[in-house]
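Just below is one structure, and these are the notes that go with it.
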């Protein structure tokens, strides 16, 4: 059996005395897109923070491509291929699109390669390359954040609430690009409150509620069994 790109085993985490993750078990197969779904307060973003080294777990284990990484720092995880696009889009608003992208060359990636990757996935960024990032639309800022992440040549990409604050047509466009990125061999974990668009491009899905994974399977199974119970009919 192939070793998963990400395996989370009996993971617990808390804020003070309030336990938020209560024994999370999750495996993301190599080369797959997995949607992690669930309502606000389910613990999804806390799970991302623990996986990406931004928050300490109280117990449990995390393996990246079979290597134990619980407690590793974010920069160490980035070096071994884990890249996170956090909720809310992280761009430098007072720099142009091109300047935002060229910053990635300081991490050792040649600037022409960074720009080529960004503009091939998102031609609109080429049109906006001299525009200040802070003046881009929300969807264009998300494209820029994704491009910066892809420049690091990740093995596993964590997308936290990709659709937040964006119009449905833009979300569809971004998830079409997620599917293209996956075809290049990048494994992707999409954390989403709104399910259907993420499920459209996913190979597998899991549903989180009250700090635990309560269902997992193929997208059709998740929609059929959990839509009313957990997803509340979210589109």
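Output the residues belonging to segment 160-180 that are without any contact (Cβ under 8 Å) to a residue 40 or more places away in the chain, within 18 Å of residue 86 (Cβ to Cβ) and part of a helix (DSSP H, G or I). Across segment 160-180, the qualifying residues are 171, 174, 175.
Residues checked against (1) outside any helix (DSSP H, G or I); (2) closer than 23 Å to residue 54 by Cβ; (3) over 22 Å from the mean Cα position of the chain (by Cα); (4) at pLDDT 95 or above:
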position: 98; (1), (2), (3), (4): no, no, yes, yes
position: 104; (1), (2), (3), (4): no, yes, no, no
position: 109; (1), (2), (3), (4): yes, yes, no, no
position: 112; (1), (2), (3), (4): no, no, yes, no
position: 119; (1), (2), (3), (4): no, no, no, yes
position: 126; (1), (2), (3), (4): no, no, yes, yes
position: 145; (1), (2), (3), (4): no, yes, no, no
position: 153; (1), (2), (3), (4): yes, yes, no, no
position: 157; (1), (2), (3), (4): yes, yes, no, yes
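In this structure, residue 35 qualifies as within 23 Å of residue 200 (Cβ to Cβ) and either touching a strand residue (DSSP E or B) at 6+ places or on another chain (Cβ under 9 Å) or outside any helix (DSSP H, G or I) (or both). Among the residues of this structure, residue 91 counts as one that is surrounded by 15 or more Cβ atoms within 10 Å (Cβ to Cβ), under 30 Å from residue 116 (Cα atoms) and without any contact (Cβ under 8 Å) to a residue 60 or more places away in the chain.
The set of residues in segment 103-132 being in contact with a strand residue (DSSP E or B) (Cβ under 9 Å, 6 or more places away or on another chain) and crowded, with 17+ Cβ neighbours inside 10 Å consists of 128 alone.
Is there a residue in segment 165-187 that is crowded, with 21+ Cβ neighbours inside 10 Å, closer than 30 Å to residue 14 by Cα and either modelled with pLDDT of 95 or more or under 14 Å from the mean Cα position of the chain (by Cα) (or both)? Within segment 165-187 (the criterion being crowded, with 21+ Cβ neighbours inside 10 Å, closer than 30 Å to residue 14 by Cα and either modelled with pLDDT of 95 or more or under 14 Å from the mean Cα position of the chain (by Cα) (or both)), the answer is yes, since at least one residue qualifies.
If you take the residues of segment 193-214 that are in contact with a strand residue (DSSP E or B) (Cβ under 8 Å, 6 or more places away or on another chain) and more than 23 Å from residue 60 (Cβ to Cβ), which of them is surrounded by the most Cβ atoms within 10 Å (Cβ to Cβ)? For segment 193-214, the residue satisfying everything is 202. Considering (1) touching a helix residue (DSSP H, G or I) at 6+ places or on another chain (Cβ under 6 Å); (2) over 22 Å from residue 102 (Cβ atoms); (3) outside any loop (DSSP other than H, G, I, E, B), the lone condition that residue 189 does not fulfil carries the number (1). If the condition is being surrounded by fewer than 21 Cβ atoms within 10 Å (Cβ to Cβ) and part of a strand (DSSP E or B), then segment 1-19 contributes 7, 9, 10, 12, 14, 15, 18, 19. For segment 57-69, filtered to residues that are assigned to a loop (DSSP other than H, G, I, E, B) and modelled with pLDDT of 95 or more, the residue that is nearest to residue 82 (Cα to Cα) is 57. When residue 84 is tested against the conditions (1) buried (at least 22 other Cβ atoms within 10 Å of the Cβ); (2) part of a helix (DSSP H, G or I), the lone failure is (2).
The values are calculated or read from the model by the stated rules, or taken from the named source; none is laboratory data. Computed from a predicted structure; not experimentally measured. Note: ideal-geometry Cβ built from the backbone for every residue, glycine included; neighbour counts use all protein chains shown.
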